[in-house]
1. What's the exposure ranking of His27, His132, going from fewest to most Cβ atoms within 10 Å?
2. Simple spin-label model, 7 Å along Cα-to-Cβ: Glu44 to Ile185 in nm?
3. Would you please state which residues of segment 1-27 a label at Leu157 would reach in this model, taking the label point 7 Å out along Cα→Cβ and a backbone N cut-off of under 12 Å?
4. Students often check this: by mean Cβ neighbours within 10 Å, which of 137-144, 165-172, 46-53, 121-128 ranks highest, and how do the rest follow?
5. Full extension from Asp150 to Glu178: what is 0.36 nm times the residue separation minus their Cα-Cα distance, to one decimal in nm?
6. Taking each pair of distinct Cα atoms in segment 19-59 once, what is the resulting Kirkwood hydrodynamic radius in Å?
Amino acid sequence: MDLSKYEAIDWDDEEEEPDEQTNNLLHCLRHGVDERVVDEVLSEEPVEIRLPLETAEAAFVGPDRAWNQMWTLLFDTSYKRGDWLRPVTGWWGQASRDQRVGASQAAQVEGTTMSDEHQRSERERRELARQHAGEVVEGSGRAVAPRRLDQMISLRLEPELAVALRELANRRGVTVSELLREGAICLLEADRASTAPSFTWTVVSVPGLPNPPQRQPA
């Protein structure tokens with residue numbers, strides 16, 4: 001899979017589809033795979049691997065940014081847009097890439113036609129992949145160029161709020177997305193400021209202590 005063809009990560013709306021069996025975000029969160037894990041694995045040193053069962057278009061193994069945890073993540077091209085990458089499932093705690101994938105990384109992952117396993121629903125393929133977690137075709141690793149992708153998060157707005165936001169965005173010469181990102185940053189900064197520890201000192205006089213000697217002018 002060529003990561004350069006993708007522009008964003010596709011996550012389902014938590015409100016629109018609250019069932020974690022079909023919602024890829026809720027499913028991945030339950031297994032510890034959040035937006036940060038996906039970003040760090042794809043932007044550090046991802047290695048594309050091949051699994052014995054074709055349960056997704058592509059599988060990548062790689063470390064988090066701190067290099068203290070290895071992750072295996074499975075992806076499909078999103079059915080919503082062809083330039084969105086959709087996480088299917090993932091797991092952590094795999095053996096090192098040298099042991100499971102092949103240190104030489106010489107073998108190329110060959111393109112295959114869509115198999116019966118791949119044609120299953122995302123839910124069935126996800127369950128099948130987790131049943132065979134840890135199984136990797138030996139020597140199938142192929143290093144790919146790291147890439148950071150935006151994270152797509154759906155947002156429900158009342159019509160009046162959506163119109164007001166668009167009017168404000170037009171007045172400021174920005175997009176609604178840029179306006180919402182600015183608002184989110186301001187909200188996070190305000191929250192950090194309100195939760196940051198603060199210290200105060202009160203200076204009091206203590207009876208009975210001698211006053212310091214006064215310096216005489218020269």
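Nothing in this text is a laboratory measurement; each read-out follows from the coordinates by a stated rule. None of these values were measured; they are calculated from a predicted model. FYI the Cβ positions are ideal-geometry reconstructions off the backbone, even for glycines, and counts take in every protein chain you see.
1. Working: His27 22, His132 12.
Starting with the residue having the fewest Cβ neighbours, the order is His132, His27.
2. Result: 2.6 nm between the two label points.
3. none
4. Details: 137-144: 17.8, 165-172: 12.5, 46-53: 19.9, 121-128: 15.9.
So the order, starting with the most tightly packed, is 46-53, 137-144, 121-128, 165-172.
5. Details: separation 28, 0.36 × 28 = 10.08 nm, distance 1.28 nm.
Computed gain between Asp150 and Glu178 is 8.8 nm.
6. Values: mean 1/r = 0.0852 Å⁻¹.
Its Kirkwood hydrodynamic radius stands at 11.7 Å.
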